[in-house]
Amino acid sequence: MKQLASPKELEAWRQEILAGVDPERPCLRVCDGTGCRALGSQELLGKLHEALNGDGGENGKVDVVATGCPGVWEQGPLVSVDPQQIAYMRVSPDDAEAIVNETLGTGEVIDKLLYKDPSNGEQIVKEPDLPFSSLQTRRVTALSGQIDPCRIEAYLAHGGYAALARALYDMDPEGIIDEVTRSGLRGRGGAGFPTGVKWKFCRQSQSDEKYIICNADEGDPGAFMDRSLLEANPHSIVEGMIIGARAMGATAGFIYARSEYPLAVEHLNLALAQAREHGLLGENILGSGFNLDIDIRLGAGAFVCGEETALMASIEGRPGEPRPRPPFPAQSGLWGKPTNINNVKSWSSIPLIIANGPEWFAEVGTEKSKGTAIFSMVGKINNTGLVEVPMGITLRELIFDVGGGVPGDKEFKAVQIGGPSGGCIPADHLDAEIDYDSLSKLGAIMGSGGLVVTDEDTCMVDLARYFMNFVQEESCGQCLPCRWGTRVLLDILTRICDGEGEPEDIGRLEELAPMVKVSSLCGLGQTAPNPVLSTLRYFRDEYEAHVIEKRCPAGICRGLITYEIDEEVCTGCMVCARNCPVDAISGEKQEVHHIDTDVCTRCGMCMQVCKFDGIRVY
Amino acid sequence: MIALTIDGKEIEVETGRTLLEAARENGIHIPTLCYHEALKPYGGCRMCVVELETPRGPRVVASCTYPVEDGAVVHTETDQIGQLRKVAAQLLMARAGHTPFIQELAASVGVDSTPYTLPTDSCVLCSRCVRACQEIVGIGAISMANRGSDRVVAPPFSISSADCIECATCVQVCPTDAITLKLITDRNRTVHVWPSEFARGACRLCEYHADEWMDVGAQEQTVHG
Ligand SMILES: Cc1cc2nc3c(=O)[nH]c(=O)nc-3n(C[C@H](O)[C@H](O)[C@H](O)COP(=O)(O)O)c2cc1C
Ligand code: SF4
Ligand code: FES
């Protein structure tokens with residue numbers, strides 16, 4: 001085992017690793033992230049090895065590498081064939097033999113496994129030509145899907161830990177903080193606080209002990225950016241943390257990860273163990289005399305534990321409840337000691353800044369938001385998945401170019417950015433450039449990068465109710481505005497969706513929501529009303545339709561809609577009557593059918609099964 | 001010493017005090033609910049909000065937890081503050097409008113009714129009892145259980161706890177009389193709301209033992225005030 005005692009030894013080992021890399025050697029990269037595992041990537045890996053019949057692996061002719069997720073989870077499992085960089089999607093274990101015999105053997109491309117552009121049906125062969133890849137700026141996620149996250153050698157082959165060597169030997173702590181400040185990096189955990197400034201505060205706090213924490217609690221519904229990065233490139237986070245510890249003079253580090261992320265935790269544990277084994281973590285790192293160890297702490301999946309003071313309480317073994325600030329963590333954090341906490345993406349940006357320089361980092365982005373942003377795009381969008389794009393990209397480019405637009409011939413309605421703490425932005429603002437400040441002006445937040453696209457079939461009141469339900473369940477209950485304010489807001493929204501709202505309810509929402517926002521103790525309550533406030537701001541007419549006209553314009557809210565059979569269209573095929581779970585549909589064979597509105601539960605089953613598109617919603 | 005301005009009044013206080021303490025010591029009234037002199041600041045009820053001037057405009061903070069800062073300029077009675085206290089009081093009225101304490105508190109900020117509905121209960125979750133049991137008595141027989149609007153004060157697992165020494169400190173600090181003390185036999189008492197019919201231990205601080213204090217005439221009494 002190599003114990004690296006100097007940057008020179010690190011470089012020598014890197015050269016040794018690179019010398020063993022043959023760029024022409026065939027390699028199958030198989031995405032084995034959590035998403036692809038759920039779709040059968042483990043079985044696929046087994047079948048590939050079987051088909052290779054002993055030729056797979058280091059001693060065979062073909063490398064088979066299980067990677068983290070490059071982002072296109074909906075298309076998984078993914079297999080990329082190197083050196084040609086052929087990209088196969090939705091690969092089933094049954095395709096293993098064809099890939100080995102045809103693509104590896106005769107060089108034939110398997111058409112049915114290629115990505116087909118939904119707009120023009122064109123097939124795309126090479127990974128870099130995929131539309132969602134070519135429009136991205138991959139920096140933090142550059143190695144996701146490219147390397148084996150379980151081998152430190154793979155990270156080293158791509159320049160890993162060179163930034164750490166530079167930070168330990170060629171820079172003083174102030175110099176590191178200066179570069180981070182000049183890069184313009186702002187915290188990727190949501191609030192966007194300048195990282196360099198935060199580090200400086202922590203550096204200035206005098207104490208015998210200081211801690212750094214990586215916030216890997218990622219609790220927003222539908223957000224998987226951090227998980228994917230932890231799974232795909234754990235060493236980048238570890239390296240960033242050691243550099244940060246050196247800059248701030250920290251004596252110990254913690255990674256707070258949710259226990260629902262077992263694969264991420266497994267890869268992190270491996271990375272930490274490898275770094276320790278090779279003298280990159282622990283005592284006397286790279287022979288520099290600097291000491292640091294990093295431990296993992298598991299959270300139990302409470303959204304509020306992502307809030308920094310609640311997170312620290314949880315690490316200390318107390319209930320995960322936030323506390324008032326000041327004192328800020330940089331003055332008094334974990335166990336009362338100065339502490340710096342950053343998000344996963346913030347930490348993994350650090351080695352890039354130190355290795356490439358702050359100017360390189362700041363080349364991309366807007367005046368006040370530098371670098372790239374990682375979004376997880378879900379909802380009514382063609383290319384669901386994770387994307388990394390420059391700050392300042394417009395919503396239109398992000399949703400329609402990178403994301404491929406809205407499926408079918410439906411019309412885009414709004415996009416909810418920033419998860420339950422965020423807000424929705426309507427079509428009028430599609431040309432807004434995305435950065436921390438522009439989004440907050442529009443009533444949303446960057447948040448951790450969750451992005452839900454909605455189309456004409458989405459009811460905005462129902463959407464607000466969905467997010468309010470989430471925050472109300474996740475409120476810790478400590479402070480009055482959040483504990484009862486979100487409860488009352490949810491009750492009102494539910495009432496409106498059930499068709500029992502009164503015109504006065506809109507005024508009640510408008511009076512209560514700002515109070516919850518301003519008076520709550522922590523960021524959860526302070527942002528919880530955003531979905532209500534932003535939908536009220538842009539879609540007030542939908543609220544009014546619900547409470548005054550007793551109508552749900554999108555045809556979603558069950559209390560406000562009626563299903564009817566179109567007499568012109570109905571052929572009397574009886575399919576709807578057979579499928580209705582409550583027997584609300586009657587009619588003779590080959591005669592027009594009718595729905596009994598009193599019995600109908602508005603489940604929509606008839607609409608789904610009707611082959612003639614004969615069900616109408618009013 | 002720290003110099004600051006509250007409602008136009010220039011004030012000097014010791015370092016480490018809170019805005020609420022500084023105001024009270026200088027005769028400026030700020031309404032509170034979860035605050036109690038004998039307990040550590042909690043910041044739960046948000047009745048005590050005040051406005052702090054900052055370069056980026058006024059910022060709302062809870063005065064009971066916010067430390068005094070040199071040069072701070074604080075306003076306790078702005079329109080915004082009035083509105084925030086009003087809505088907080090309306091939520092309290094929805095929860096416990098039947099209790100005289102909440103009626104009085106609400107009336108003090110101009111509220112006598114509520115447009116909102118909540119499940120009613122005398123307990124307003126100010127956590128005074130929980131903190132008193134922990135901080136003053138040092139027992140920690142009760143704590144907050146559940147999250148959000150399901151939050152309740154309870155002994156562990158909501159079953160009768162042998163840790164309770166029935167010192168009635170919680171009864172003392174409860175503002176809404178949600179907790180009462182009841183004599184169940186001529187020697188045994190129970191602290192109501194959560195079960196506690198147990199042979200009691202002694203107080204670690206004052207060697208008080210509930211059994212020695214039992215010749216109380218009333219069948220049910222409330223220790224309060
Ligand atoms: C309710 C709530 C949940 C949060 N969840 C997370 C989270 O899951 N991950 C995260 O990095 N930050 C989360 N934050 C933000 C953290 O409190 C903190 O600001 C962040 O970790 C700082 O790191 P950064 O400066 O790198 O963004 C949350 C904040 C709130 C109020
Ligand atoms: S705002 Fe909500 S989550 Fe935050 S302390 Fe208050 S009750 Fe707890
Ligand atoms: S008295 Fe300050 S929050 Fe309750």
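Run lengths n ≥ 4 of DSSP H only: what is the helix-derived mean residue ellipticity at 222 nm for chain A, with -39500 (n - 2.57) per run over all residues, to the nearest 500?
Taking each H run of at least 4 residues, the total per residue is -10000 deg cm²/dmol.
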**Complete:** The distance between the Cα centres of region A:219-276 and region B:61-94, in whole Å, is 40 Å
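Once you average over the residues of B:145-155, how many Cβ atoms of partner chains fall within 10 Å of each Cβ?
Other-chain Cβ atoms within 10 Å of each residue's Cβ, averaged: 5.
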**Prompt:** Averaged over peptide A:323-329, how many Cβ atoms belonging to another chain are found within 10 Å of each residue's Cβ?
**Reply:** 3
**Prompt:** Where the centre of each part is set by its Cα atoms, how far does region A:478-531 sit from region A:405-444, in angstrom?
**Reply:** 22 Å
**Item:** FRET efficiency estimate (nearest 0.05) - Cβ-Cβ, A:D172 to A:E97, R0 41 angstrom
**Value:** 0.10
**Message:** Quick check on packing: order B:69-75, B:92-98 by the mean number of other C-beta atoms within 10 Å, highest mean leading.
**Reply:** B:92-98, B:69-75
**Prompt:** Which ³J(HN,Hα) values in Hz, rounded to whole numbers, follow from the phi angles of region A:397-408 under the Karplus curve 6.51 cos²θ - 1.76 cosθ + 1.60, where θ = phi - 60° and Gly and Pro get x?
**Reply:** 4, 5, 7, 8, 8, 5, x, x, x, 8, x, x
**Prompt:** What is the set of long-range amide H partners of A:G450 at a cut-off below 5 Å, with H atoms built 1.01 Å from backbone N?
**Reply:** A:S376, A:G418, A:G419
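Please compute how much accessible surface disappears when B pairs with A, both sides summed, using a 1.4 Å probe, and round it to the nearest 100 Å². Show your work: numbers first, answer last.
Numbers: alone 12030 and 25550 Å², together 34950 Å².
Summed over both sides, the interface buries about 2600 Å².
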**Item:** Extension gain, A:Q84 back to A:T571 (0.36 nm per residue minus Cα-Cα distance, nm)
**Value:** 169.9 nm
**Complete:** The answer for A:I296, listing residues at least 5 apart or on another chain whose modeled amide H is closer than 5 Å to its amide H, is A:I255
**Request:** Calculate, for A:E16 and A:R325, the FRET efficiency according to 1/(1 + (r/R0)^6) with r their C-beta to C-beta distance and R0 41 Å; round to the nearest 0.05.
**Result:** 0.25
**Fill in**
A correct Karplus calculation of ³J(HN,Hα) over region A:565-582, with 6.51 cos²θ - 1.76 cosθ + 1.60, θ = phi - 60°, whole Hz and x for Gly and Pro, returns 9, 6, 4, 5, 9, 4, 9, x, 6, 6, 4, 5, 4, 5, 8, 5, x, 10
**Request:** Would you kindly find the accessible area of A:Y466, with a 1.4 Å probe and non-protein molecules such as ligands, DNA and RNA excluded, rounding to the nearest 10 Å²?
**Result:** 120 Å²
**Request:** For A:T394, enumerate residues with amide H under 5 Å from its amide H, sequence gap 5+ or separate chain, H modeled in the peptide plane.
**Result:** A:I434
**Request:** Can you work out the PRE-style zone for A:E433? Point 7 Å along Cα to Cβ, and I want the residues of region A:376-392 with backbone N under 15 Å.
**Result:** A:390-392
**Prompt:** Given a Förster radius of 30 Å and the C-beta distance between A:T251 and A:W360 as r, what FRET efficiency does 1/(1 + (r/R0)^6) yield to the nearest 0.05?
**Reply:** 0.45
**Prompt:** Separation of region A:459-474 and region A:331-366 by C-alpha centroid, Å?
**Reply:** 32 Å
**Prompt:** Going by average Cβ neighbours within 10 Å, how do the peptides A:520-527, A:581-588, B:42-49 rank, with the highest at the top?
**Reply:** B:42-49, A:520-527, A:581-588
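For peptide A:518-528, how many partner chain Cβ atoms fall within 10 Å of a residue's Cβ, on average?
Taking the mean over all residues of the peptide, I get 3.
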**Prompt:** Quick one: how many Å² of A:E50 are accessible to a 1.4 Å probe, rounded to 10?
**Reply:** 130 Å²
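The values are calculated or read from the model by the stated rules, or taken from the named source; none is laboratory data. Just so it is clear, the model here is predicted, and its values are computed rather than measured. Methodologically, a virtual Cβ is constructed for each residue, glycine included, from the backbone with ideal geometry; neighbour enumeration extends over all protein chains shown. Heavy atoms of the whole protein, side chains included, go into the accessibility calculation; ligands, DNA and RNA do not. Shrake-Rupley method; radii C 1.70, N 1.55, O 1.52, S 1.80 Å.
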